[in-house]
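Colleague: Sharing a structure with you now.
The values are calculated or read from the model by the stated rules, or taken from the named source; none is laboratory data. Quantities reported herein were computed from a predicted structural model and do not represent experimental measurements. Positions of Cβ are backbone-derived with ideal geometry, glycine not excepted, and every protein chain shown enters the neighbour counts. Please note that ligands, DNA and RNA were not included when accessible areas were found on the heavy atoms of the full protein model with its side chains. Shrake-Rupley method; radii C 1.70, N 1.55, O 1.52, S 1.80 Å.
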Amino acid sequence: MDDDDIRAVEEAVATLESASAEHEPAAISLQTAVAAAVTHGKPIREVAEAAHMTALEVLDAADAVMYPRQALQPSSPA
């Protein structure tokens, strides 16, 4: 079994935990790596372990990448 997705998740975790890393880009990288692993069929439990996340957090991260929320635009009065 190819473990490139799991390695990508582990690398993203290491980057996020690194003191020198920018927090926001590292978090986005982790979220993207988690989503890629899930969409490539990696077991949720395995991804969660590699990401130091719960299974629910893994699913939330994958959903956030796959279904980005559109910023709500305030309606302008007519």
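Colleague: Can you pull the one-decimal nm distance between simple spin-label points at Thr39 and His52, each 7 Å off the Cα toward Cβ?
Modeller: 2.6 nm
Colleague: With a 1.4 Å probe and all protein chains kept in place, how much accessible area does Ile44 have, in Å² rounded to the nearest 10?
Modeller: 50 Å²
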